[in-house]
1. For segment 193-213, enumerate the residues that are part of a loop (DSSP other than H, G, I, E, B) and in contact (Cβ under 8 Å) with a residue 60 or more places away in the chain.
2. Exactly one of (1) outside any helix (DSSP H, G or I); (2) without any contact (Cβ under 8 Å) to a residue 12 or more places away in the chain; (3) of a type outside the set (A, V, I, L, M) is unmet by Gln257. Its number?
3. Counting only residues that are of a type in the set (A, V, I, L, M) and in contact with a helix residue (DSSP H, G or I) (Cβ under 6 Å, 6 or more places away or on another chain), which one in segment 195-222 is farthest from Pro139 (Cα to Cα)?
4. Sort out which residues of segment 261-307 are modelled with pLDDT of 95 or more, part of a loop (DSSP other than H, G, I, E, B) and over 20 Å from Thr220 (Cβ atoms), and write them in order of number.
5. Pick out the one residue from Leu28, Leu17, Leu21, Leu47 that is in contact with a helix residue (DSSP H, G or I) (Cβ under 8 Å, 6 or more places away or on another chain) and assigned to a strand (DSSP E or B).
6. Please tell me if Pro97 is more than 29 Å from Ser216 (Cβ to Cβ) and either in contact with a helix residue (DSSP H, G or I) (Cβ under 8 Å, 6 or more places away or on another chain) or without any contact (Cβ under 8 Å) to a residue 40 or more places away in the chain (or both).
7. Is it the case that segment 139-161 has a residue that's crowded, with 19+ Cβ neighbours inside 10 Å, touching a Lys or Arg at 6+ places or on another chain (Cβ under 7 Å) and not in a helix (DSSP H, G or I)?
8. Can you tell which of Ser214, Ser247 is on the phi > 0 side of the Ramachandran plot and at pLDDT below 95?
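The values are calculated or read from the model by the stated rules, or taken from the named source; none is laboratory data. None of the values given here were measured: they were computed from a predicted structure. Here the Cβ positions follow ideal geometry from the backbone for every residue, glycine too, while neighbour counts run over all protein chains shown.
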Amino acid sequence: MDTILITGGAGFIGSQLCGRLLAEGKRLRILDNFDPFYAEGIKRRRLSKFGDGADANWELYEGDIRKPEDCARAVEGVSAVVHLAALAGVRPSIAKPRRYMDVNVTGTQTLLEALQNRPEVPFVFGSSSSVYGGNKKVPFAESDPVDRPVSPYAASKKAGEVLCHSHHHLYGNPITCLRFFTVYGPGQRPEMAIHLFSRKILNGEPIQLFGDGSTSRDYTFVSDIVDGLRSALSHAAGYRIYNLGGSANTSLSELIQMIEATLGKKAIIERRPEQPGDVRKTYADIELARTDLGYEPKVSLEDGLREFADWYSKERQEGHLP
């Protein structure tokens, strides 16, 4: 049976993609180094749900995408690669720009190098809406210029796309770059806004609101992102870039009000100045993904927040979350 390599398969998006592919009967290899950006136990618990033993249909390679020997071992014999391993987050990247470049750029190049003699293997790269920087034209389209990122994280993702293009040109692998727009849902990382705000509201702690609340995002439910990833694996051809978003726009103030309504509890707001590196707005034009990949977001923000709240409540009751 063919094997698909998922780098960062213990992460938020990666683990959900793994669950989808395993349910389809696919065989997976997961490459992850369990970076301590957030608790390793959260990642291990995600993988534990896939089972183990001879019938599990997946294997874990603990390794680092920056190490050629780990990448060479991971790609051996695989039929496709989905590259989701990365350091995430705009604000942390400002504090540690060199580390973000090392992991996100050097790691991506090292993984691509491992495929130099495997031109038949399709490669799907998890990029980010952050590459659009302070783009004032909305919605953001793949044809828009993305040469002015406003954070090291954004720059690292743009660099990854450029490396992918260079590799495709030289070695021929079909490569698809997917620009994710603010992914949320059950299993979301603890530091991301919806998870962080929900925890603080339920615990009666203040939420830090950076700016006047008018900044806005295109929030995309994780199952919709997984739909896009799955379709990209089935439509690999040439070098392509697609937006994967919800094709909607919600302000920060509106988001907090929606979370309050979902949880049935008011937030305590602590106002702070706007943060360097944050963009004012993200909003995806998904027409290209709709046409080429059949991508169509299905989960509204209202429904997605309810699903997240149900998951969070269950996890708290079982003692897995604070």
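1. Within segment 193-213, Asn203, Gly204, Glu205, Gly211 qualify.
2. It fails just one condition, (1).
3. Looking at residues that are of a type in the set (A, V, I, L, M) and in contact with a helix residue (DSSP H, G or I) (Cβ under 6 Å, 6 or more places away or on another chain), I get Ile201.
4. Answer for segment 261-307, where residues must be modelled with pLDDT of 95 or more, part of a loop (DSSP other than H, G, I, E, B) and over 20 Å from Thr220 (Cβ atoms): Gly264, Lys265, Lys266, Ala267.
5. Step by step, each of Leu28, Leu17, Leu21, Leu47 is checked, and only Leu28 is in contact with a helix residue (DSSP H, G or I) (Cβ under 8 Å, 6 or more places away or on another chain) and assigned to a strand (DSSP E or B).
6. When the stated conditions are applied, Pro97 does not pass them.
7. yes
8. Ser247
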